[in-house]
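Let me begin by presenting the structure, written as C-alpha cells, before commenting on it.
The numbers here are math on the coordinates, done by the rules we state, and not lab data. Since this is a predicted model, take the numbers as computed values, not measurements. Backbone-built Cβ (ideal geometry, glycine too); neighbour counts: all protein chains shown.
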Amino acid sequence: MKNLLLLLIILTSFAAWGQNRTITGKVTAAEDGVALAGVSVTVKGANQGTTTDGAGLFAIRAGRGSVLVFSFIGFNSREVEVRTDSPLDIRLVVASQILGEVQVVGSRNANRTKLDSPVPVDVIDLKPLRESAPQVSITQLLQYVSPSYHSVNGTNAGDAGSALSLSQLRGLGVDQVLVLVNGKRRHKSSNVNWGGLGNGTTGYDLNSLPTAAIERVEILRDGAAAQYGSDAIAGVINIVLRKTTEELAVSTTASARRRGDGITTRTNANYGFALGKEGGFLNATAEFATQGISLPPGRDEAGLYNGPAYGGGANTRPFDAIYTQEIDDAILASRGLDRHHFDQRGGGSNKAKDALLFFNSAIPLRKDAEVYAFGGISHRTSQFTAVYRLPGWTERTNAFLYPDGFLPAMENVITDKSLAVGIKGTIRNWNVDVSNVYGRNDFGNYITNSINASLGLKSPTTFDAGKYNASQNTGSLDFSRYFDKALRGVNVAFGAQYRVETYQIIAGEEASYSKADLRPVYRVDTTTGGITYLNTTGSIGLNGLSPGSQIHAGFRPSNEVNVDRAIVAGYLDLEANITRKWLLSGALRVENFSDFGNVTTYKVATRYSFTDWLGIRGSLNTGFRAPDLAQFYYTETSTTFQQGRAIDLVTASNKSAATRSLGFPSLTPEKSKGYTAGFTAQPVRNLELTADAYWVDVDNRVGNTGNFSATDANLPLEVRNLFVQTGTVQAKFFYNSFSTRTKGIEFTGSYRTPFRNGNLHVLLGGNFVKNEVIQVNTPKGLEAYQYIIFNDGEKARVTTNIPGQKLTAQAIFREGRFTYLLRTVYLGSVTTASAQNANFPKPDYFYQTLKPIWVTDASVSYTISPAVQATVGVNNAFNNVGDYTDPKLAGLRNPTVIGIQNGSAGIQPFIRLAAKL
C-alpha cells in the first residue's frame, strides 16, 4: 500500500511538472544586448505561439521539457528547451556576421579571415542588402557597396553587349577579373562586347546567377593568377551560395523611373531541406525578373532629334538652303508626327526578361567526406533598340516598306548552363577535393523591325542573324594540409587542373548578311593559244544600298568557326606563420595552352601584426590573361555613327587574311606585375579599418584598333576585298596594341554599435585610381598608321572612361520592427572620346567630360510579423544623372546618352515584400 501511494505521488509530480504554465523571458541581440521586438516565439510541434513586445519581453504557455523556437528576420533562429520556471534570457545572433567572416578566396587555409589575410579581401553579406537596398541584380548590389568594383547596366555597350552588365575591379579590364562560384572557376559569356566598358572583350555575366541563391560575395582585390589562373590580373570575385535548410524565403520587388519608364520587377523563392541526418542539404532558388526599356536620362525633352528627317541626303548633311527645316517640319505636320517620333528609346537598360534556376547541395558519405554539387540554368531575352533610321537616309531604308523610317531592334536570346560536381574529404590528414565544373553560354541574335536595303522590296523585316556559343569544362584535383607543429603553423596546398574551352559561330540566314547589288567584275584575257576569255577580277556594288540587316548584319558562312583549346595547369601554394606575428605566403603556377604554349606565374604575400589590433601587409605577384577564343576568331559587321552619320564597319578575325596582310600577328597573352601594400586595424570592438595602395603594370593588352578606311588606296588587296565582300567602308582588328600602368589607393571601414534602442552598422569605402598608357605597339611597316592602330577612343576607354574616384558610405539602423538604410555613392568625373571620322593619318575625336555625381539611396523596412517584412525606398533620391547635355552636339542629338558613371536614368522609387516560412 505504501509502495502504491509512493508511485501515485511520483506520477502526480511528473504530471504537474509537465503541465503547461506561463513561461516568460526577454530576447535581445547577442552582439549589443539591444531588445528585439516582434520576435516569433513558438512551441515546437504545437500550434501555439506569440511575439515579443517593444521591450523584447514575451510570455507563452508551455510545459517543462517543451522546446521553444525563436526566429526573427535578420537573425539566426534558436531552439531552447524549457527546464526551469525562471525567466529565459534569449540572445539571437545576426545571420551571417560580417565581422570575422571566414573567407574562401585568396587563401587555401580554412581558418583565414579577411582581417588577418595578407591581401585585401571584401566579404559582402548579401542578406541585409537583399532586404533593404533598392538594387536587385548582383552587379548593381556590388556597384553600390564595394568601392573597387564597377559595373553599369548594359555596360554601356551597343548591340548584343547591352544585354550584359560586366564587372571591373581597380579600374582594369572586364576580362582581367576572374569569377569563382563556391571557389570553382566559372565560365564567361560568349559575347564580344562593343563600346562602353568592355570594347572588344568578353566578360562574366554575373546576372545569370539568381541573387536569392547567393549567401555572400568575396572580392579579392589583388592579382591572383598564380593561385587561380588566367584572368585574375585585377582580382577575384567568389560567389558563395546559400546552404540554409528548413526555410522558405520569398521576395518580390518592383520599381519604376521618374517618368514611369524602365519598370523593373524581380521575384524569387529560395528553399532548402536537409538530406539525411548528418548535415546534408539541398538549397534551391527560382527567380524571375523583368526590365522595361528606359528613356534617355536628363530633361523631360531628352532624346529630341533636331536634324533633317525626310530630306534627301539627311545621313550626310544638315539643313541647307535647298532643304530647310521649314520643309521638314511641314512634312512632319502633314503626317501627324513631331520630332519625338525619332527619339532614341533606350537610355541605360534594355527591355528584358530573365528566368533563373539554381541549386547548391552536399551529402556526407561518412564523417570526413562528402559529395557536393551545384549549378543551374538561366534564360534571358533582351531587346536593344538602336538609332532610328530616318526616312531621309535613302541608302538604309525603303520608303515603300517604311515611309516614316524605322527603329531597328536586336533581340538577344541568352541561355546559360552550369554544373559542378565533386567529392572532398580527408585522407591521412590531407584534405582532398576532386571536382569537375562545366559551363556553357549560348547567344542568339535576331533582328526585328529592320531591312536589308540592298534587297529592296524583297527584303524581310525580321532576320535570324546567327548564333554563337562558348563552353568551359574544368577538372581539378586539389590537396591541402595544415601542419600545426611546423614553425607556428604551415598550410600546404597543391593541385592540378585540366580545362577545355570551346567557341562556335553559326551563320545567319542569307538575307541577314547579303549585299544584293554585288556583281562580278570581268576583264578580257587571252590564252597562250590566242583564245580570248572573260577573267573574274573581283566584285563591285552597283547601287550603293546598305547590305545586311540594319543594326547588326548576320554572320556569313565564311565566318563560321568551331574551335577549342586545352589547358593543363599545376600549382603549389604555401602559407606559413613564421612567428606568432609574422605570416608569409607564396604560390607558383605553371599552365600550358595548346594554342600558344607555357605561362608561369608566381605570388608572394606577407602580413606582420604589431599588436592584436594592428597589422601591415603587402604582396608581389605576376599574372596573365590568355586571349579568349572569341578574340581570335570573332568577325562581325555592324553600324557605327560618326558625326551623326551611319557608317558600316567590319571587325575582322585575328586569323583572317586581311589581318595578316596588314602585318598584325596572332594574339599573345597579356602579362602583368602587381604590387600591394597596406594595413588592417581593429582598434576597438566591432570597428574594422583597412587601407591598401596598389600598382599594376599590364603588358601587351589586347584591344581593338581604330578604323581603317576603304578610301585608303594603300591598303593591301585582302583588306580592300574585305570591304567589297561585306559592303562596309571601315574595318578594325584585334591586336596586342598597348601596355598600361594602374596606380591607386583603396580603403574600407566597418563599425557596429548600439544606438538609441537599436543597433547601427556603418560601412565606408573609397577607391582612387589612375590609369595611363605607357607603351603602344606598332607593327613594323605600319608606323604611318600609329594613330589608327591605337586611337584616342581606345585610350579613353582604358584610362578615363570609368570614374577615377569612388566613395561609398552606408548606414543600416535596426530599431524594433523598423530597419532604415541610408547610402550615398560619389562617382568621379569621366572623359570619353568619340570618333568623328577615319581620316588618315590621324582621325578626329570629340571629347566629352562628365562632371562627378552623387547617387543617394534610402529605404525603410517594417517587420509586419515575425515572418513578413515590407520595404519602400528610392534609388538616386536627388535625381542626379550628371552632365548629359553638350551644346557642341545639339545639332545631332540632345542630350548625348553616355551614363557610364553609374548607368542611372534618374530617380527610381521601389517597393519590396519579403517573407520567411
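Among 584, 477, 206, the order by Cβ neighbours within 10 angstrom, fewest to most, reads 477, 584, 206. What percent does the relative contact order of the chain come to when contacts are Cα pairs within less than 8 Å and at least six residues apart? 11 percent. In this simple spin-label approximation, residue 831 and residue 458 carry label points 7 Å from Cα along the Cα→Cβ vector, and these lie 5.2 nm apart. Here's the list of lysines a cross-link from residue 581 could span, going by alpha-carbon distance under 23 Å and ignoring same-chain residues fewer than 8 apart: 114, 485, 603. The loop-placed trypsin sites (Lys or Arg not before Pro) in the stretch 356-386, going by DSSP, that have at most 15 neighbouring Cβ atoms within 10 Å of their Cβ come out as 367. What you get for the chain, charging only the Cβ of Lys and Arg (+1) and of Asp and Glu (-1), is a dipole of about 2260 debye around the Cα centre. With both labels modelled 7 Å from their Cα along Cα-to-Cβ, the residue 430 to residue 616 distance reads 3.8 nm.
So if the hydrodynamic radius of the stretch 351-498 is defined as the Kirkwood radius over C-alpha pairs, what does Stokes-Einstein give as its diffusion coefficient at 37 °C and 0.692 mPa s, in µm² per second? The diffusion coefficient I find is 164 µm²/s.
Toward the positive end of the charge dipole of the chain, with +1 on the Cβ of Lys and Arg and -1 on the Cβ of Asp and Glu, the farthest Cα among 571, 689, 836 is that of 689. Taking other residues whose beta carbon is less than 13 angstrom from the beta carbon of residue 361, and scoring Lys, Arg as +1 and Asp, Glu as -1, yields +1. Pairs with C-alpha atoms separated by more than 28 Å, drawn from the list 467/806; 277/916; 770/851; 353/916, are 467/806.
Relative to the dominant Cα principal axis of the chain, helix 2-18 is inclined by about 30°. As a proxy for reagent exposure, 150, 379 were ordered by neighbouring Cβ count within 10 angstrom, fewest first; the result is 379, 150.
Each stretch of four or more DSSP H residues adds -39500 (n - 2.57); spread over every residue of the chain, this sum gives -2000 deg cm²/dmol at 222 nm.
Considering only 236, 24, 427, and ranking their Cα positions along the charge dipole of the chain that arises from unit charges at the beta-carbon of Lys, Arg, Asp and Glu, the one farthest toward the positive end is 24. Take the alpha carbon gyration tensor of the stretch 223-290, find the square roots of its eigenvalues, order them as a ≥ b ≥ c, and report rounded if a/c is under 1.5; if not, report prolate when a/b exceeds b/c, else oblate. Note, shape of the stretch 223-290 comes out oblate. Considering the stretch 802-854 at the alpha-carbon level, its Rg and Dmax are found to be 20.3, 68 Å.
Summing +1 for each Lys or Arg and -1 for each Asp or Glu among the other residues whose beta-carbon sits under 14 angstrom from that of residue 864 gives +2. Please list, by residue number, everything in the stretch 774-803 whose backbone N is under 11 Å from a paramagnetic label point 7 Å out along Cα→Cβ of residue 741. Backbone N within reach: 774-775.
With a Cα-only, solvent-free Debye model of the stretch 745-799, what are the log10 I(q)/I(0) values at q = 0.12, 0.14, 0.20, 0.22 Å⁻¹? Cα-only, vacuum Debye calculation for the stretch 745-799: -0.54, -0.60, -0.82, -0.89.
Would you mind classifying the chain by shape? Square roots of the alpha carbon gyration tensor eigenvalues, ordered a ≥ b ≥ c; an a/c under 1.5 is rounded, otherwise it is prolate if a/b is larger than b/c and oblate if not. Judged from the Cα gyration tensor, the chain comes out prolate (a/c at least 1.5, a/b above b/c). Once the Cα atoms are used to define both axes, helix 325-334 deviates from the longest principal axis of the chain by about 70 degrees.
Remark: the residue 598-residue 872 segment gains 93.2 nm on full extension, using 0.36 nm per residue and subtracting the alpha carbon distance. Once both labels are positioned 7 Å from their Cα atoms along Cα-to-Cβ, the gap between residue 543 and residue 243 label points is 6.7 nm. Work through the residues other than residue 80 whose Cβ is under 15 Å from its Cβ and net out their charges, Lys, Arg +1 and Asp, Glu -1. Result for the neighbourhood of residue 80: +2.
Annotation: aspartates and glutamates with alpha-carbon distance below 20 angstrom to residue 673 (same-chain offsets under eight excluded): 175, 222, 231, 573, 591, 692, 697, 699, 746, 772.
Note on 688, 670: ascending count of other Cβ atoms within 10 Å places them as 688, 670, the fewest first.
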